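Read the structure below first, then the notes.
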Amino acid sequence: LVSRSKQKANTVIQLGSTVIGTGKPVMIAGPCSVESYEQVRTVAAALKAAGVTVMRGGAFKPRTSPYDFQGLGLEGLQILKEVADEFGLRTISEIVDPSHIEIADQYIDVIQIGARNMHNFELLKAAGDAPIPILLKRGLSATIDEFIHAAEYILSRGNTQVMLIERGIRTYEKATRNTLDISAVPILKQETHLPVLVDVTHSTGRKDIFAPCAKAALAAGADGIMVEVHPTPATALSDAAQQLTIDEFNTFFEVIRQSGLF
Ligand code: PEP
Ligand code: MN
């Protein structure tokens, strides 16, 4: 069902006035984790001022250590909704269990399935039954073929509103947090009719190369970019080293816009 050979036309995801998959790229930004109302509101105000229409923020956080901040859960989704409604933004947040779909439907606009759950087939099936769009992340070490099959799980249950996002894969390279597989972008665009995005934050883990990597992604045909933004990254409860400050985000977005690729 995801195959370009079965459907020539691009799948288009409409989020309010924002349309993803038509050739005009989207910028998705926001904190790694929802930490507080004030934190999300500060980021949302800055994103709105910059012209961003879709905000991300994690409430159910799949952390490597069980002792690290696990996210605010339902309260986090409530904060996202309250702030998004105030600023007229659309929201994306990760869920990690099929039981979260019902609450996700009440509070957010797009469900994210994270890299660690790309192989969670029961969650993929549940997402396929969900009434809202899904942003599916590439697994930590998933091949492109496995990634495409994960998307197929969702479509096979009836939900055709699926976006793919390359977020880097694990290789021997240590210079970046993961290895951004730019080649995945044109391959996924050719092989499927789904929108393809690139997460520059988790793929590289390096603020100093977000802009060139985002430009490379757009030049390769990506339908959008995801990047993490936090009012005070140094005190962030997750991914402190790789979230942009608001000033850094504004500079980043300006560079992307000036490139003529956005
Ligand atoms: C995230 O986007 O917050 C996240 C945890 O990313 P990933 O699943 O790609 O590691
Ligand atoms: Mn993060």
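Observations on the model:
- With the helix formula -39500 (n - 2.57) applied to DSSP H stretches of n ≥ 4, the chain reaches a computed 222 nm mean residue ellipticity of -10500 deg cm²/dmol.
- Distance violations [Cα-Cα > 18 Å] among Lys6/Lys189; Lys48/Lys81; Lys61/Lys189; Lys61/Lys125: Lys61/Lys189; Lys61/Lys125
- Length-normalised contact order for the chain - Cα pairs under 8 Å, 6+ apart - percent: 20
- For the range 108-155, the equivalent ellipsoid built from the Cα gyration tensor has semi-axes of 17, 11, 9 Å, listed from largest to smallest.
- Gyration tensor verdict on the chain (Cα atoms; rounded if a/c is under 1.5, prolate if a/b is larger than b/c, oblate otherwise): rounded
- The range 109-156-the range 219-262 distance, computed between alpha-carbon centres (Å): 24
- Share of pairwise Cα-Cα distances greater than 22 Å in the range 1-84 is 43 percent (whole percent).
- Spin-label pair Glu86/Arg63, simplified geometry with 7 Å Cα→Cβ offset, distance in nm: 2.6
- Difference of contour (0.36 nm per residue) and Cα-Cα distance, Lys24 to Gln190: 58.0 nm
- Cβ-derived FRET efficiency at R0 22 Å, Asp208 paired with Thr171, nearest 0.05: 0.70
- Considering only Gly221, Val255, Ser203, the residue lying farthest towards the positive end of the dipole of the range 104-262 is Ser203, judged by Cα position with unit charges set on Cβ.
- Within the range 165-262, the trypsin sites (Lys or Arg not before Pro) that combine a DSSP coil assignment with at most 14 other C-beta atoms in a 10 angstrom radius are Arg170, Lys174.
- Computed from the alpha carbon positions, the gyration tensor of the range 187-262 leads to an equivalent ellipsoid with semi-axes of 24, 15, 9 Å, biggest first.
- Residue ranges 4-13, 74-83 sort as 74-83, 4-13 when ordered by packing (mean number of other C-beta atoms within 10 Å per residue, highest first).
- The calculated FRET efficiency for Lys8 paired with Asp145, based on their beta-carbon distance and R0 = 22 Å, is about 0.55.
- A simple charge model with +1 on the Cβ of Lys and Arg, -1 on the Cβ of Asp and Glu and nothing else charged puts the dipole of the chain at about 700 debye relative to its Cα centre.
- Across the options Gln106, Gly71, Tyr172, the greatest Cα extent toward the positive end of the charge dipole of the chain (unit charges at beta carbon of Lys, Arg, Asp, Glu) belongs to Tyr172.
Values quoted throughout were computed directly from the atomic coordinates according to the rules given, and no laboratory measurement underlies them. Computed from a predicted model, the values in this text were never measured in an experiment. Heads up, the Cβs are rebuilt from the backbone with ideal geometry, glycines too, and the neighbour counts pull from every protein chain shown.
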